[in-house]
Amino acid sequence: MTLLATPRYHFITGLPRSGSTLLSALLLQNPRFHAGMTSPVGGLVQGMLNQLGAGSEFGPVVTTEQRRRLVRGLFNSYYADQTDKQVVFDTNRAWSAQMPALMDLFPGAKLIACVRNVAWVMDSIERRYRANPFEITRLFNDDTERSTVYSRVDTLAQRNRMVGLPWTALKEAFYGEHASSLLLVDYDLLAQAPQKVLPLVYQFIDVEPFEHNFQNVRYDAPEFDEPLGMSGLHKVRPVVGLQPRETILPPDLFKQYAQLSFWIDSTGSRANVITAKFSPEPSGAKA
């Protein structure tokens, strides 16, 4: 029996509405790669470790090495139909909080974190919310959370919610001991100059470049978005580019969240950053 080679694993993480789906769609053009939107592997890993950790029924009888093999087995089983690929990119916004485990399991693995001015992240989510006015999205638990733009944005920013959790996880990775294995990619640069950004990504993961088509990009996941009550959340425009627009957030709210892009100053971090300076003022900003 011929055993197929196991692909190399790399990981896509970062903030929501910051280009991870676009990056995955572009990487998918390379026949040597597999990439996609958020996979269930991260949740499966966490669920299994919860069942086998300290205080659980089986914690005392499952060794650390057995846990390591089980976690690795989850990856290999889930991606068993991708063994013809050179590289598999698994996407999860929580991976940046799991770098010690990932570096232990996959020596040499890299994390690519898609980032964006946090005010524009909030603006983008708010636009999708308003584009579905007759849906009760699952992003909010009750009418209090969804009542106004202020309550919606503040809810999303909580440290266990859609924006706050990946933001804090990324900050942990950015200043952590494995930061040199982390690459932050700014959404504006990826959308505006993908022909310059993609070669840097390939260089970071040490793979020979590939000629991508930035005029014909295809990706959509309606089966994932519709149950959330947020249609179009993962639909990628076919032509890569920036679309200038003004924010729909109130000026004070935009200014508050525009101050949170900690990656602009890499002092104290060994992370790699592909980013651009931005103005915190909303007028005339890029989407």
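The values are calculated or read from the model by the stated rules, or taken from the named source; none is laboratory data. Note that the structure is a prediction, hence the values are computed from the model and not measured. Cβ coordinates were reconstructed from backbone atoms using ideal geometry, including for glycine residues, and neighbour counts include every protein chain displayed.
Summary of values
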quantity	calculated
Selection within region 100-146 - of a type in the set (Ser, Thr, Tyr) and not in a helix (DSSP H, G or I)	THR137
Output for region 193-202, where each listed residue is loosely packed, with under 13 Cβ neighbours inside 10 Å and either more than 21 Å from the chain's Cα centre (by Cα) or of a type outside the set (D, E, K, R) (or both)	GLN195
Some residue of region 39-54 being free of Cβ contacts under 8 Å to residues at least 60 places away in the same chain, in a loop (DSSP other than H, G, I, E, B) and surrounded by 17 or more Cβ atoms within 10 Å (Cβ to Cβ)	yes
Filter result for THR64 (surrounded by 20 or more Cβ atoms within 10 Å (Cβ to Cβ) and modelled with pLDDT under 95)	no
Checking ASP90 against (1) assigned to a helix (DSSP H, G or I); (2) modelled with pLDDT of 95 or more, the condition it does not meet	(1)
Given (1) under 27 Å from GLU126 (Cβ atoms); (2) assigned to a loop (DSSP other than H, G, I, E, B); (3) not aromatic (Phe, Trp, Tyr), index of the condition PRO31 fails	(1)
When residues of region 55-86 are limited to those that are under 25 Å from GLY176 (Cα atoms) and in contact (Cβ under 8 Å) with a residue 12 or more places away in the chain, the one farthest from the chain's Cα centre (by Cα)	ARG67
Subset of region 142-160 (residues that are within 20 Å of GLY19 (Cβ to Cβ) and free of Cβ contacts under 8 Å to residues at least 60 places away in the same chain)	LEU156
Subset of region 149-207 [part of a loop (DSSP other than H, G, I, E, B) and touching a strand residue (DSSP E or B) at 6+ places or on another chain (Cβ under 7 Å)]	VAL207
The lone exception for PHE11 - which of (1) of a type in the set (Phe, Trp, Tyr); (2) under 28 Å from GLN203 (Cα atoms); (3) without any contact (Cβ under 8 Å) to a residue 40 or more places away in the chain it fails	(3)
Within region 126-156, tally of residues that are surrounded by fewer than 19 Cβ atoms within 10 Å (Cβ to Cβ), aliphatic (A, V, I, L, M) and modelled with pLDDT under 95	2
Of all residues in region 18-38 being out of contact with any strand residue (DSSP E or B) (no Cβ under 9 Å at 6 or more places or on another chain) and of a type outside the set (A, V, I, L, M), the one that is surrounded by the most Cβ atoms within 10 Å (Cβ to Cβ)	GLN29
Answer from ARG116, ARG159 - the residue that is crowded, with 19+ Cβ neighbours inside 10 Å and either under 17 Å from the mean Cα position of the chain (by Cα) or at pLDDT below 95 (or both)	ARG116
The one condition in (1) closer than 17 Å to VAL115 by Cα; (2) at pLDDT 95 or above; (3) loosely packed, with under 13 Cβ neighbours inside 10 Å; (4) of a type in the set (D, E, K, R) that LYS171 fails to fulfil	(3)
Of all residues making up region 246-266, the number that are charged (D, E, K, R), exposed (fewer than 14 other Cβ atoms within 10 Å of the Cβ) and more than 23 Å from the chain's Cα centre (by Cα)	2
Residue pairs meeting the criteria (Cβ under 9 Å; at least 6 apart or on separate chains; first within 16 Å of GLY42 (Cβ to Cβ), in region 93-122; second in a helix (DSSP H, G or I) and basic (Lys, Arg))	SER96/LYS171; ALA101/ARG68; ASP104/ARG68; LEU105/ARG68; LEU105/ARG72; PHE106/ARG72
